[in-house]
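Below is one structure, written out as structure tokens; the observations come after it.
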There are 2 protein chains.
Amino acid sequence: MGDGEKLSPGQAERRRSATIVDVAEAAGVSRATVSLVLRHSPLVADDTRQRVQRAIVDVGYIYNRGAAQMRSGMSGTIGVIVPEITNPFYAELLSGIDETLDVDGRLCFVGNSTDSPERQDRFIRRIRERGVEGIIICAAEASSPLLLGQMREWNLPFVQILRSIDGDTGDFVAPDFAVGTRMAVEHLVSRGHERIALMPSAKNTSAARERVAAFTSAMAKSGLQGGRILHGRLTRSDAHDAVASILSGAKPPTAIIAHNDLLALGIIGALRNIGLTPGVDLSVIGFDDIPESSHSVPALTTVATRPREVGAHAATLLLRRIIKPKGPTESVLVSPKLIVRQT
Amino acid sequence: MGDGEKLSPGQAERRRSATIVDVAEAAGVSRATVSLVLRHSPLVADDTRQRVQRAIVDVGYIYNRGAAQMRSGMSGTIGVIVPEITNPFYAELLSGIDETLDVDGRLCFVGNSTDSPERQDRFIRRIRERGVEGIIICAAEASSPLLLGQMREWNLPFVQILRSIDGDTGDFVAPDFAVGTRMAVEHLVSRGHERIALMPSAKNTSAARERVAAFTSAMAKSGLQGGRILHGRLTRSDAHDAVASILSGAKPPTAIIAHNDLLALGIIGALRNIGLTPGVDLSVIGFDDIPESSHSVPALTTVATRPREVGAHAATLLLRRIIKPKGPTESVLVSPKLIVRQT
DNA sequence: AACAAGTTTTAGATCGATCTAAATTTTCTC
DNA sequence: GAGAAAATTTAGATCGATCTAAAACTTGTT
């Protein structure tokens, strides 16, 4: 356990709940047989199985995974770490994971790292104490570079999502940010834009670096020079500052590609605040296609990154990895889709 | 276990990880002593404690809660059920719960019921199998009326949030929808509106019924007659239909109070689509104050319901209930706040 | 130095499942 | 109907912690 984590004991005078022994007695078989029935073993005879199943219902038996886990080593549980659960992108992603796990029967612990490595480490320790079989992780920005190595050492299967720590070769799922960025650039170029800016997250993550690289190369390929790159955090005031800085120089960009929709919407707001019209005075493209992007005015043009699919893929990959720890690794890049709207 | 839930076994040839016995050997004490140190017992002498703690680090020991739970009955885990995790309101709420639990040291299983009682029941069974100590639940719309009684019978502490199943007297936390509704009505009345409509969720939940009651009484108190009530689901097309239906009749309402911001934003969109100006041709007030409400154009006037606080309160109440199952019940109504913007 | 009282440590049983290997029952073959 | 093979069931050990009750130390008092 960690520091200051003395859990206050519950005082429930729990009426002892039914165990496998009660079921065995009720059905007139041995514990071992009940256990086999619980695990859907093909060994038990049909009528025995039915008798046991009836007994299970009769005595109100609830499977005790804590006990099972002890012997079998399987908890039927995984962990998921996201940097910010209130970002609609991650909420959708979680929903995709949940959907896949609901079918599988496993359950997940959700941790919100808020991009704090300490909180992330705390969460990882806690889920390890609970015997999770694997973990889906979008690593906090300043995560220790040792993290992945440790998880391997611990024999803890994992799938990285969105961000990949220094080119690790394990399982990985993310939207294809490079292709998405290229789509955005090409779209703008086809509309006649020549001066384009990119505003990636200031966070030093692979997801940001990848966009910068793709942006630079796409600009070069289109024969355009010196796309501007403005790093910033993803806050409202960053959007303001960015707009101000962009428009102040000579030959200001006529279009900007934002790190995500939240930032793009912030930029739209900033433009309106100073009396400019988004989509006319400055074109804006976001990333993600979160629900509110289609409702904004003007509606946001964006690169849809399909978070739900990313989540579903990640869950599928993790389950596969749990079953086959040594199987070949896989890297899934979910194809983005350009949604052209009004900006 | 349930049907079709044979969990595929992992094949990890787990190098047996360190147990309390390894720690005991390394520190030259008995298992029992190590166990006492782990639980921060005041019984152990200081230097012994330190020796054990060093040994814990040395052997890379990780506390096994599955085993501990077996004897002590405590899993250090709770469950949370929300109807729709992608709704920003619930995402914020989860974040509030997470925050409180992070301090406490407990972890939570998050379930997304999508308002399906079957899925909710499945989730509840699964978390019971894992020995959760309690549950925070926003019951799915058509939940069995027996649900709460069962949970009591199971000795499973719970706190209801937002919706309360037929006037149950257990612990409960929610925004004060009645006060919020009254605030909205009074605000509109003070601006001179006389024909006001309410659009609650069609879902038959206490959260919807409460608004209707408060609306009716607030209208009466203001001496206004016949506020219109339009039930609908909370989709985009409902917003459209509602707008159409509202404006078609004679003496159409001049203001509408929507069930939540998502719906309110939908209404704003619908108005713009038919060339009307929200806030001028029809005033709109939402509920929740989700982040995008302040970014919308025009910015949405709304009743802030402070989901993060609701979550934090619910977690605190549940922890208290776990420690004192028979303690007095508490019902927390978080005061809403009217955020006047442009609509 | 002997005893009581307090402090610290420990052996062994226990929680509720799974696992192994063997026992039992059934079915098949000649 | 005996023996082999297959199908089904089971006893007992085991996982890694906690719990209980007792043992082993310390300290203080006379």
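Residues B:156, B:162, B:146, B:188: which one is among the aliphatic types (A, V, I, L, M) and open to solvent by 50 Å² or more (accessible area, probe 1.4 Å)? After applying the criteria, what remains is B:146.
Considering only segment B:37-58, how many residues are more than 9 Å from chain A (Cβ to nearest Cβ) and surrounded by 17 or more Cβ atoms within 10 Å (Cβ to Cβ)? Looking only at that region, the number is 8. Condition check for residue A:16 on (1) in a loop (DSSP other than H, G, I, E, B); (2) modelled with pLDDT of 95 or more; (3) near DNA strand C (Cβ under 8 Å from one of its atoms): one failure, at (2).
The condition (being within 30 Å of residue B:165 (Cα to Cα), facing chain A (nearest Cβ under 7 Å) and either buried (at least 23 other Cβ atoms within 10 Å of the Cβ) or without any contact (Cβ under 8 Å) to a residue 40 or more places away in the chain (or both)) is satisfied by just one residue among B:114, B:86: B:86. Of the helices (runs of 4 or more DSSP H) contained entirely in segment A:34-118, those carrying at least 1 residues that are away from DNA strand C (no atom under 16 Å from the Cβ) fall at A:46-59, A:88-104.
Screening residue A:140 on (1) of a type in the set (A, V, I, L, M); (2) open to solvent by less than 10 Å² (accessible area, probe 1.4 Å); (3) within 30 Å of residue B:69 (Cα to Cα) shows it passes everything except condition (3). Selection of first residues in segment B:180-204 that are farther than 30 Å from residue B:144 by Cα and charged (D, E, K, R) and of second residues that are open to solvent by less than 60 Å² (accessible area, probe 1.4 Å) and in a helix (DSSP H, G or I), restricted to Cβ pairs under 7 Å at least 6 apart or on distinct chains, gives the following pairs, ordered by first then second residue: B:182/B:214; B:182/B:218; B:186/B:218. Against the criterion of being in contact with a helix residue (DSSP H, G or I) (Cβ under 8 Å, 6 or more places away or on another chain), within 29 Å of residue B:202 (Cβ to Cβ) and of a type in the set (Lys, Arg), residue B:130 does not qualify.
In segment A:219-248, the residues that are within 19 Å of residue A:274 (Cβ to Cβ) reach residues that are small (Gly, Ala, Ser) and surrounded by fewer than 16 Cβ atoms within 10 Å (Cβ to Cβ) with C-beta atoms within less than 7 angstrom, at least six apart or across chains, in these pairs: A:230/A:245; A:232/A:202.
Residues that are open to solvent by 10 Å² or more (accessible area, probe 1.4 Å) and over 30 Å from residue B:164 (Cα atoms) were ranked within segment B:66-83; the one that is farthest from DNA strand D (Cβ to nearest atom) is B:69. Against the criterion of being charged (D, E, K, R), near DNA strand D (Cβ under 9 Å from one of its atoms) and within 14 Å of chain A (Cβ to nearest Cβ), residue B:31 does not qualify. Pairs are defined by a Cβ separation below 8 Å, a sequence spacing of at least 6 or placement on different chains, a first member in segment A:43-61 that is on the phi > 0 side of the Ramachandran plot, and a second member that is polar (S, T, N, Q); the pairs so defined are A:60/A:17. Taken over segment A:117-136, residues that are free of Cβ contacts under 8 Å to residues at least 60 places away in the same chain and open to solvent by 30 Å² or more (accessible area, probe 1.4 Å) amount to 3.
The values are calculated or read from the model by the stated rules, or taken from the named source; none is laboratory data. Given the structure is predicted, the values throughout are model-derived calculations rather than measurements. Every residue, glycine among them, receives a Cβ derived from its backbone with ideal geometry; neighbour counts consider all protein chains shown. Keep in mind that these areas ignore ligands, DNA and RNA; they rest on the heavy atoms of the full protein, side chains included. Shrake-Rupley method; radii C 1.70, N 1.55, O 1.52, S 1.80 Å.
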